[in-house]
Amino acid sequence: MSLPRSPSRSLYPALGFCVAAVLSPFLVRSAVAGDLDVSLLNLCGPGVSRPLAGGDLTDCGWVQRDASGRVTGVKLDEEATSRFRSLMSELGVVMAPQVVTPADTIGFAGFQISAELGITQINNKATYWDGVKAVAPQNRLADRPQAWLSTVGVFVRKGIWLPLPSMEVGAGVVHLLQSQMVAYQGYAKLAIHEGFSDWPLPSLAGRAALSHVTGSEQVRLDIASFDVLISKAFGVGGTFRAEPFGGWSYLMIKARSNVIDLTPGCDGFLTAGGGNGGAFCGPTSPDADLSANFAFPNQDTITRRRFFGGMKLKFAAVFVAGQYEYLPAGRSRDESVSSLGARDGSDKQTRVSLSGGFDF
């Protein structure tokens, strides 16, 4: 007679799949940009048709040219910095530090490994989501990003005694599917009150976390979160441990633009020496196409607020957890470039997260 299948073994395939999905960008040497990789040039609307080397052609409306077609500089439209800020706000929520944990720590001798799946809602019909590879500038309504973006991640957590009792630290890596973007995340949690399961008082903890996003050539993105968690553990039939939890987070998103080429159809280094750089170069030689290289000005930190609730179930060393998050629409403004109207126009967002793994 066959023995019952071990509960812990049933999670091995899921953990293996998530690990492979997260690490896949590092295992492929010649990475190909995915549909959700950032393409800031798409935030630029088309300009007027101009006489260029390839005939009468239309390039980015931010590019300024003289009567001969030579580039004279870059001038943003009034809403450009707001579109950038709104895109970074919603993308920052997608890649923000994960919670999916109750207020109780795993104990100073405890160790946990888990795989996590997150599905985050975005306002995919908004014009600021034109700024990804999936959108074709020629027809911006044809191929939009999906309304829900998926991330997979792996995490390790460890309870520690120093520098304070009831401390827990953790680290992990999260991959945004259909992109090359990966977030390295770490956190520290301090339980202010925990472990008194016979008392009517819930457990309470504070947490600080950081997410550093890599894999994009066009933006640098860092997200910090400060979380307050509350939870209460219950025994179920002397077999399971159920632990409902909830809390609030304050997110701080810092986004910086790298230099982008607003005229990718023209090789500015060739035209600078009098050569033929491509169809989108000015007909006058030497051209000043390198003046069309551009980066969005640095903006003040984007702030968002997050409310969440969930449940953790544990049987022996195996656990599963689920969580729902709600984030009101972003409303922060950038004072440093206020003349350009840099405001966060992001919509409200929701997120559903599932986690499973082992507590040792």
| query | Is one or more of the residues making up the range 286-302 assigned to a strand (DSSP E or B) and open to solvent by 40 Å² or more (accessible area, probe 1.4 Å)? | reply | yes
| request: Could you check, for the range 239-247, whether at least one of its residues is touching a residue at least 60 places away in the same chain (Cβ under 8 Å), within 25 Å of PRO328 (Cα to Cα) and either out of contact with any strand residue (DSSP E or B) (no Cβ under 9 Å at 6 or more places or on another chain) or open to solvent by 70 Å² or more (accessible area, probe 1.4 Å) (or both)? | output: no
| task | Kindly provide the set of residues from the range 153-196 that are part of a loop (DSSP other than H, G, I, E, B), in contact with a Ser or Thr (Cβ under 9 Å, 6 or more places away or on another chain) and open to solvent by less than 70 Å² (accessible area, probe 1.4 Å), ordered by number. | result | SER166, LEU177, SER179, GLN180, MET181, GLU194, GLY195
| In the set ARG351, ARG331, ARG306, which member is closer than 30 Å to TRP248 by Cβ and either open to solvent by 30 Å² or more (accessible area, probe 1.4 Å) or more than 26 Å from the chain's Cα centre (by Cα) (or both)? | ARG331
| Is one or more of the residues making up the range 259-279 open to solvent by less than 70 Å² (accessible area, probe 1.4 Å), modelled with pLDDT of 90 or more and among the polar types (S, T, N, Q)? | yes
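The values are calculated or read from the model by the stated rules, or taken from the named source; none is laboratory data. None of these values were measured; they are calculated from a predicted model. Backbone-built Cβ (ideal geometry, glycine too); neighbour counts: all protein chains shown. Each accessible area value is taken on the protein alone, full model and side chains, heavy atoms only, with ligands, DNA and RNA left out. Shrake-Rupley method; radii C 1.70, N 1.55, O 1.52, S 1.80 Å.
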